[in-house]
Amino acid sequence: MNSKSAKAILVVSFGTSFEHSRKASIDAIETKIRKSFPDYAIYRAWTSRHIIQKLKQRDGIHVDTVPEALRRMASDGIRHVFVQPTHIINGIENEAMTAEILSEKDAFDSVRFGKPLLTGTEDLDAAVQLLADSFLPVEPDRMVVFMGHGTTHYANFVYDALNCRFLDMGYEQFLIGTVEGYPDIDTVLRRLKKKQPARITLAPFMIVAGDHAVNDMAGAEEGSWRNLLEKAGYEVDIVLKGLGEYPEIQDMFADHIRSALKSTR
(Lines give C-alpha, C1' and ligand atoms only; values in the text may rest on other atoms or scores of the structure.)
Protein backbone atom coordinates (compact mmCIF):
# COMPACT_ATOMS: atom_id res chain seq x y z
CA MET A 1 0.00 0.00 0.00
CA ASN A 2 1.40 3.40 -0.95
CA SER A 3 1.46 6.40 1.37
CA LYS A 4 -1.37 8.14 -0.48
CA SER A 5 -3.80 5.28 0.05
CA ALA A 6 -2.86 4.99 3.75
CA LYS A 7 -3.83 8.55 4.66
CA ALA A 8 -6.85 10.56 3.60
CA ILE A 9 -8.78 13.77 4.06
CA LEU A 10 -12.50 13.42 4.64
CA VAL A 11 -14.29 16.58 3.54
CA VAL A 12 -17.57 16.85 5.43
CA SER A 13 -20.30 19.20 4.19
CA PHE A 14 -23.95 19.72 5.07
CA GLY A 15 -24.84 19.10 1.41
CA THR A 16 -27.21 20.57 -1.15
CA SER A 17 -29.74 19.30 -3.69
CA PHE A 18 -28.94 22.20 -6.05
CA GLU A 19 -26.59 20.74 -8.67
CA HIS A 20 -25.12 24.02 -9.93
CA SER A 21 -24.45 25.25 -6.42
CA ARG A 22 -22.87 21.93 -5.44
CA LYS A 23 -20.50 22.02 -8.38
CA ALA A 24 -19.62 25.67 -7.85
CA SER A 25 -19.04 25.38 -4.09
CA ILE A 26 -18.65 21.93 -2.48
CA ASP A 27 -17.03 20.38 -5.55
CA ALA A 28 -14.78 23.42 -5.94
CA ILE A 29 -13.64 23.24 -2.31
CA GLU A 30 -12.87 19.54 -2.67
CA THR A 31 -10.96 20.20 -5.89
CA LYS A 32 -8.88 22.86 -4.13
CA ILE A 33 -8.11 20.44 -1.29
CA ARG A 34 -7.25 17.65 -3.72
CA LYS A 35 -4.79 19.88 -5.57
CA SER A 36 -3.32 21.26 -2.36
CA PHE A 37 -2.71 17.85 -0.77
CA PRO A 38 -1.78 15.40 -3.55
CA ASP A 39 -0.36 12.88 -1.07
CA TYR A 40 -3.78 12.37 0.50
CA ALA A 41 -6.75 10.48 -0.85
CA ILE A 42 -9.88 12.66 -0.70
CA TYR A 43 -13.26 11.37 0.48
CA ARG A 44 -16.63 13.10 0.77
CA ALA A 45 -19.42 12.87 3.34
CA TRP A 46 -22.54 14.96 3.93
CA THR A 47 -24.30 15.40 7.25
CA SER A 48 -27.82 16.03 5.93
CA ARG A 49 -29.46 12.65 5.52
CA HIS A 50 -32.54 14.38 4.09
CA ILE A 51 -30.54 15.88 1.24
CA ILE A 52 -28.64 12.61 0.68
CA GLN A 53 -31.93 10.73 0.35
CA LYS A 54 -33.44 13.39 -1.91
CA LEU A 55 -30.44 13.28 -4.24
CA LYS A 56 -30.56 9.49 -4.40
CA GLN A 57 -34.28 9.34 -5.16
CA ARG A 58 -34.34 12.26 -7.61
CA ASP A 59 -31.03 11.89 -9.43
CA GLY A 60 -29.74 8.43 -8.59
CA ILE A 61 -26.65 10.01 -7.00
CA HIS A 62 -25.21 8.46 -3.86
CA VAL A 63 -23.34 10.55 -1.31
CA ASP A 64 -21.92 8.90 1.80
CA THR A 65 -23.08 9.76 5.26
CA VAL A 66 -20.25 10.21 7.75
CA PRO A 67 -20.44 6.58 8.99
CA GLU A 68 -20.59 5.29 5.42
CA ALA A 69 -17.53 7.31 4.45
CA LEU A 70 -15.60 6.01 7.46
CA ARG A 71 -16.49 2.41 6.59
CA ARG A 72 -15.44 3.01 2.98
CA MET A 73 -12.12 4.48 4.12
CA ALA A 74 -11.42 1.58 6.46
CA SER A 75 -12.27 -0.87 3.69
CA ASP A 76 -9.88 0.95 1.35
CA GLY A 77 -7.06 0.55 3.84
CA ILE A 78 -6.93 4.12 5.11
CA ARG A 79 -5.14 4.23 8.44
CA HIS A 80 -4.76 7.96 9.09
CA VAL A 81 -7.82 10.20 8.73
CA PHE A 82 -7.90 13.97 8.67
CA VAL A 83 -11.39 15.49 8.76
CA GLN A 84 -12.05 18.92 7.29
CA PRO A 85 -15.59 20.29 7.67
CA THR A 86 -16.90 22.92 5.29
CA HIS A 87 -19.15 24.21 8.07
CA ILE A 88 -18.97 27.96 8.69
CA ILE A 89 -19.03 27.78 12.50
CA ASN A 90 -18.43 25.17 15.18
CA GLY A 91 -22.13 24.76 15.86
CA ILE A 92 -24.60 21.90 16.19
CA GLU A 93 -23.76 20.24 12.86
CA ASN A 94 -20.01 20.35 13.47
CA GLU A 95 -20.26 19.03 17.03
CA ALA A 96 -22.55 16.18 15.98
CA MET A 97 -20.21 15.27 13.13
CA THR A 98 -17.19 15.30 15.45
CA ALA A 99 -18.91 13.06 17.98
CA GLU A 100 -20.00 10.66 15.24
CA ILE A 101 -16.46 10.33 13.92
CA LEU A 102 -14.86 9.98 17.34
CA SER A 103 -17.19 7.07 18.07
CA GLU A 104 -15.54 5.24 15.14
CA LYS A 105 -11.95 6.35 15.75
CA ASP A 106 -10.75 2.91 16.90
CA ALA A 107 -11.04 1.72 13.29
CA PHE A 108 -8.02 3.90 12.40
CA ASP A 109 -4.53 4.58 13.70
CA SER A 110 -5.24 8.31 13.93
CA VAL A 111 -8.14 10.70 13.44
CA ARG A 112 -7.59 14.46 13.43
CA PHE A 113 -9.80 17.46 12.68
CA GLY A 114 -9.48 20.76 10.88
CA LYS A 115 -11.44 23.77 12.07
CA PRO A 116 -14.62 25.22 10.56
CA LEU A 117 -14.31 28.29 8.35
CA LEU A 118 -14.74 30.97 11.02
CA THR A 119 -12.88 29.82 14.11
CA GLY A 120 -10.49 32.62 15.06
CA THR A 121 -10.24 36.39 14.76
CA GLU A 122 -8.02 36.07 11.71
CA ASP A 123 -10.76 34.07 9.99
CA LEU A 124 -13.34 36.77 10.69
CA ASP A 125 -11.06 39.48 9.35
CA ALA A 126 -10.25 37.45 6.23
CA ALA A 127 -13.94 36.82 5.51
CA VAL A 128 -14.85 40.48 6.04
CA GLN A 129 -12.03 41.66 3.79
CA LEU A 130 -12.95 39.15 1.10
CA LEU A 131 -16.57 40.28 1.02
CA ALA A 132 -15.63 43.95 1.08
CA ASP A 133 -13.21 43.44 -1.81
CA SER A 134 -15.86 41.49 -3.74
CA PHE A 135 -18.67 44.04 -3.40
CA LEU A 136 -16.87 47.38 -3.26
CA PRO A 137 -17.36 50.03 -4.45
CA VAL A 138 -20.85 50.39 -2.98
CA GLU A 139 -22.93 53.43 -3.96
CA PRO A 140 -23.65 55.86 -1.10
CA ASP A 141 -27.37 54.98 -1.09
CA ARG A 142 -26.84 51.19 -0.99
CA MET A 143 -26.32 48.58 1.75
CA VAL A 144 -25.02 45.05 1.20
CA VAL A 145 -26.98 42.55 3.33
CA PHE A 146 -25.87 38.94 3.78
CA MET A 147 -28.12 36.10 4.91
CA GLY A 148 -26.46 33.55 7.18
CA HIS A 149 -28.06 30.38 8.47
CA GLY A 150 -27.88 30.98 12.21
CA THR A 151 -28.35 28.50 15.03
CA THR A 152 -29.50 28.11 18.62
CA HIS A 153 -25.94 27.06 19.47
CA TYR A 154 -23.80 29.58 21.35
CA ALA A 155 -21.45 29.71 18.35
CA ASN A 156 -24.11 31.88 16.69
CA PHE A 157 -22.31 34.90 18.23
CA VAL A 158 -19.95 34.75 15.24
CA TYR A 159 -22.55 36.42 13.01
CA ASP A 160 -22.82 39.58 15.06
CA ALA A 161 -19.05 39.47 15.59
CA LEU A 162 -18.83 39.80 11.81
CA ASN A 163 -21.08 42.85 11.96
CA CYS A 164 -18.72 44.34 14.53
CA ARG A 165 -15.72 43.60 12.34
CA PHE A 166 -17.40 45.24 9.34
CA LEU A 167 -17.82 48.40 11.41
CA ASP A 168 -14.36 48.25 12.95
CA MET A 169 -12.73 47.77 9.55
CA GLY A 170 -14.60 50.72 8.06
CA TYR A 171 -17.20 48.86 5.99
CA GLU A 172 -20.34 50.46 7.38
CA GLN A 173 -22.46 49.57 4.35
CA PHE A 174 -22.23 45.84 5.06
CA LEU A 175 -24.62 43.92 7.32
CA ILE A 176 -25.25 40.26 8.19
CA GLY A 177 -28.45 38.65 9.47
CA THR A 178 -29.53 35.05 9.92
CA VAL A 179 -32.51 32.84 9.13
CA GLU A 180 -32.52 30.85 12.36
CA GLY A 181 -30.55 32.91 14.86
CA TYR A 182 -29.62 36.44 15.88
CA PRO A 183 -29.58 38.95 14.29
CA ASP A 184 -32.80 37.99 12.51
CA ILE A 185 -34.56 39.78 9.67
CA ASP A 186 -36.42 42.08 12.08
CA THR A 187 -33.09 43.19 13.53
CA VAL A 188 -31.74 43.70 10.02
CA LEU A 189 -34.74 45.86 9.12
CA ARG A 190 -34.29 47.99 12.24
CA ARG A 191 -30.61 48.51 11.50
CA LEU A 192 -31.33 49.38 7.88
CA LYS A 193 -33.91 51.95 8.96
CA LYS A 194 -31.20 53.81 10.85
CA LYS A 195 -28.98 53.85 7.75
CA GLN A 196 -31.81 54.83 5.37
CA PRO A 197 -30.42 53.33 2.15
CA ALA A 198 -32.51 53.34 -1.00
CA ARG A 199 -31.14 50.11 -2.43
CA ILE A 200 -30.07 46.74 -1.04
CA THR A 201 -27.77 44.10 -2.47
CA LEU A 202 -28.83 40.79 -0.95
CA ALA A 203 -26.44 37.83 -0.92
CA PRO A 204 -26.06 34.53 0.97
CA PHE A 205 -23.48 34.04 3.72
CA MET A 206 -23.59 30.28 3.32
CA ILE A 207 -21.21 27.80 1.71
CA VAL A 208 -23.73 26.99 -1.01
CA ALA A 209 -26.42 29.15 -2.58
CA GLY A 210 -29.00 26.43 -2.00
CA ASP A 211 -32.53 26.22 -0.63
CA HIS A 212 -32.19 29.00 1.93
CA ALA A 213 -30.64 31.37 -0.60
CA VAL A 214 -33.01 30.57 -3.46
CA ASN A 215 -36.21 30.46 -1.41
CA ASP A 216 -35.86 32.10 2.03
CA MET A 217 -33.65 34.88 0.73
CA ALA A 218 -34.56 35.50 -2.90
CA GLY A 219 -37.81 33.58 -3.36
CA ALA A 220 -41.31 34.73 -4.27
CA GLU A 221 -42.80 33.66 -0.94
CA GLU A 222 -44.33 36.39 1.19
CA GLY A 223 -41.85 35.87 4.00
CA SER A 224 -38.69 35.84 1.89
CA TRP A 225 -36.10 38.46 2.75
CA ARG A 226 -36.40 39.92 -0.73
CA ASN A 227 -40.13 40.50 -0.34
CA LEU A 228 -39.81 41.84 3.20
CA LEU A 229 -37.14 44.30 2.11
CA GLU A 230 -39.12 45.40 -0.94
CA LYS A 231 -42.23 45.91 1.22
CA ALA A 232 -40.11 48.09 3.49
CA GLY A 233 -39.44 50.32 0.48
CA TYR A 234 -36.01 49.18 -0.65
CA GLU A 235 -34.94 48.39 -4.19
CA VAL A 236 -33.37 44.92 -3.97
CA ASP A 237 -30.71 43.30 -6.13
CA ILE A 238 -29.87 39.62 -5.66
CA VAL A 239 -26.44 37.95 -5.82
CA LEU A 240 -26.81 34.15 -5.69
CA LYS A 241 -23.22 33.18 -4.95
CA GLY A 242 -22.31 30.87 -2.09
CA LEU A 243 -19.17 31.40 -0.04
CA GLY A 244 -17.74 28.16 -1.39
CA GLU A 245 -17.60 29.71 -4.86
CA TYR A 246 -14.98 32.25 -3.77
CA PRO A 247 -11.41 31.00 -4.40
CA GLU A 248 -10.33 32.85 -1.26
CA ILE A 249 -12.76 30.80 0.86
CA GLN A 250 -11.49 27.61 -0.76
CA ASP A 251 -7.98 28.77 0.17
CA MET A 252 -9.06 29.33 3.78
CA PHE A 253 -10.20 25.72 4.09
CA ALA A 254 -6.92 24.52 2.59
CA ASP A 255 -5.03 26.77 5.02
CA HIS A 256 -6.96 25.28 7.95
CA ILE A 257 -5.86 21.82 6.90
CA ARG A 258 -2.28 22.95 6.38
CA SER A 259 -2.10 24.61 9.80
CA ALA A 260 -3.63 21.65 11.59
CA LEU A 261 -1.33 19.15 9.89
CA LYS A 262 1.69 21.18 10.92
CA SER A 263 0.55 21.48 14.52
CA THR A 264 -0.10 17.75 14.92
CA ARG A 265 3.12 16.35 13.50
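Does any residue of the stretch 149-166 turn out to be more than 22 Å from Val214 (Cβ to Cβ), touching a strand residue (DSSP E or B) at 6+ places or on another chain (Cβ under 6 Å) and outside any helix (DSSP H, G or I)?
no
So which residues in the stretch 86-98 are farther than 14 Å from Ala45 by Cβ and open to solvent by 60 Å² or more (accessible area, probe 1.4 Å), if there are any at all?
Listed by number, the residues that qualify are Asn90, Ile92, Glu95.
Quick check on this structure: which one of Asp237, Asp251, Asp186, Asp216 is open to solvent by 20 Å² or more (accessible area, probe 1.4 Å), part of a helix (DSSP H, G or I), over 24 Å from Asp123 (Cβ atoms) and touching a residue at least 24 places away in the same chain (Cβ under 8 Å)?
Asp216
As an exercise: evaluate Glu122 against (1) closer than 18 Å to Ala8 by Cβ; (2) out of contact with any Ser or Thr (no Cβ under 8 Å at 6 or more places or on another chain) and give the number of the one condition it does not meet.
Going through (1) closer than 18 Å to Ala8 by Cβ; (2) out of contact with any Ser or Thr (no Cβ under 8 Å at 6 or more places or on another chain) one by one, Glu122 breaks only (1).
State whether the residues of the stretch 1-15 include one that is modelled with pLDDT of 95 or more, assigned to a helix (DSSP H, G or I) and open to solvent by 60 Å² or more (accessible area, probe 1.4 Å).
no
For Ala99, are the conditions met, namely being under 30 Å from Tyr159 (Cα atoms), of a type in the set (Gly, Ala, Ser) and out of contact with any helix residue (DSSP H, G or I) (no Cβ under 9 Å at 6 or more places or on another chain)?
It is true that Ala99 is under 30 Å from Tyr159 (Cα atoms), of a type in the set (Gly, Ala, Ser) and out of contact with any helix residue (DSSP H, G or I) (no Cβ under 9 Å at 6 or more places or on another chain).
Residues that are open to solvent by less than 40 Å² (accessible area, probe 1.4 Å) and modelled with pLDDT under 95: does the stretch 173-180 have at least one?
No, there is no match, as no residue in the stretch 173-180 is open to solvent by less than 40 Å² (accessible area, probe 1.4 Å) and modelled with pLDDT under 95.
Out of the stretch 114-145, which residues are outside any helix (DSSP H, G or I) and either out of contact with any strand residue (DSSP E or B) (no Cβ under 6 Å at 6 or more places or on another chain) or surrounded by fewer than 21 Cβ atoms within 10 Å (Cβ to Cβ) (or both)?
Lys115, Leu117, Leu118, Thr119, Gly120, Leu136, Pro137, Val138, Glu139, Pro140, Asp141, Arg142
The values are calculated or read from the model by the stated rules, or taken from the named source; none is laboratory data. Values in this document were obtained by computation on a predicted structure and should not be read as measured data. Using ideal geometry, Cβ is built from the backbone for each residue, glycine included, and neighbour counts are taken over all protein chains shown. The area values use the complete protein model at the heavy-atom level, side chains included, leaving out ligands, DNA and RNA. Shrake-Rupley method; radii C 1.70, N 1.55, O 1.52, S 1.80 Å.
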